[in-house]
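The structure under discussion appears below in the form of structure tokens.
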Amino acid sequence: MKLSKEVQIALVAIAGIVVMFFGLKFLKGMTLFSTNDSYYAKFTNVAGLSVSSPIYSNGYRVGVVEDVIYDYNGTNEIVAVLGLDNKMHLPNGTTAEISKDLMGNIELDLILGPNPVDQMEPGDTIYGHIQQSALSKASEMIPQIQRMLPKLDSILYSVNMLLSDPAISSSIHNIDQITANLSSTTNELHHLSANLKTQMPGMMEKADNVLANTNTLTKNLSDLDIAMTMAKVNNTLQNVEQMTAKLNSNDGTLGLLMRDQELYRNLSSTMSHTDSLMIDLKQHPKRYVHFSIFGKKDR
């Protein structure tokens, strides 16, 4: 049967529409014959999330956003239809997080729940939120930075005043001198350590000699007859005690000299007379000694 031109044009148009439909789906990242499971995610703000936005789990693409539905009834809720691979199973407690990279591309990340055994069913609702990007964090920090600028200006002014102080340069010069002194001291310590290492064997040998002499002295002391020595000391003390007793008694000559006052006075008188006699002998020697060549002369 031969088709008319009108029918042929209609069939070509229908085929073109079908190809265009599936081509648009393919360009949007959707599969032509989808086997995905659908889930729903509720947001209060989708931050530019749109159809065909990719969905990731732990950095791996697991699906695509199939539709975004805005609730015009005033609940301020936006529902995103998530088309996930049917091999993907979501644990209960899974959330969806909208994130934006530095290039401004929007994606949806799934934060999986903690219990993989308790799983959600296709068609369940996931609660979503927006991840705070680095740019938004930076924008929040701008007011704090603005408040810090006057303080930073004051600090920089103080630093400039401090650096312009001549005392700073003088202190730096002193620090250089101190560093040089420390280097010199370190070198001297190195030399001292080297000398000590060289002299250490001789010092150890001298110490060994001292210890040997000490051991010899200790041995000699141990060899002494302490008992005999103490006996001699006791005898000497007894003799001294006996001599002291004789000196204190009236029997001996020394005791009498020490205790008899009359004998002491007689001795003093005798010494006085002897002294007077010697004086007179020096003054009048002729009274006591006579030399005559011609014989004795009568006085």
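Bear in mind these aren't lab numbers, they're just calculated from the coordinates by the rules spelled out. It should be emphasised that the depicted structure is a prediction, and the values quoted were computed from it without experimental measurement. For neighbour counting, all protein chains shown are included, and Cβ atoms are generated from backbone atoms with ideal geometry for every residue, glycine included.
Just a few scattered comments:
- Here's how it looks for ILE130: its modeled amide H is under 5 Å from those of ILE98, which are all 5 or more places away or on a different chain.
- What the phi angles of the stretch 114-119 give under the Karplus curve with 6.51, -1.76 and 1.60, with θ = phi - 60°, is a coupling list of x, 10, x, 6, 7, 10 Hz, glycine and proline written as x.
- Each Lys or Arg adds one and each Asp or Glu subtracts one; over the other residues with Cβ under 12 Å from the Cβ of ALA212, this totals 0.
- Rg over Rh for the stretch 34-131 works out to 0.95, both radii taken from alpha-carbon positions and Rh defined as the Kirkwood radius.
- The label point for ARG265 and the one for ILE14, both projected 7 Å from the Cα toward the Cβ, are 18.0 nm apart.
- Distant-in-sequence amide H partners of VAL62 (H built 1.01 Å from N, under 5 Å): ILE55, TYR56, SER57
- Diffusion of the stretch 59-215 by Stokes-Einstein, at 25 °C in a medium of 0.890 mPa s and with Rh set to the Kirkwood radius over alpha-carbon pairs, works out to 98 µm²/s.
- Within a straight-line Cα-Cα reach of under 20 Å, LYS232 can be paired with the following aspartates and glutamates, leaving aside sequence neighbours fewer than 8 residues apart in one chain: ASP223, GLU241.
- Karplus-derived 3J(HN,Hα), 6.51/-1.76/1.60, for each residue of the stretch 145-154, Hz, glycine and proline x: 5, 5, 5, 7, 4, x, 5, 5, 4, 5
- Sorting 234-245, 49-60, 70-81 by average packing, meaning the other beta carbons within 10 Å per residue, from highest down gives 49-60, 70-81, 234-245.
- Whole-angstrom gap from the stretch 150-170 to the stretch 43-59, using each part's C-alpha centre: 52
- Taking amide H positions as modeled 1.01 Å from N, with prolines and chain starts lacking one, the residues under 5 Å from MET120 and 5 or more places away or on another chain are LEU90, ASN92.
- In Hz, Karplus ³J(HN,Hα) per residue of the stretch 76-89 (6.51, -1.76, 1.60; θ = phi - 60°; x = Gly, Pro): 6, 10, 10, 10, 10, 8, 9, x, 10, 4, 5, 7, 8, 10
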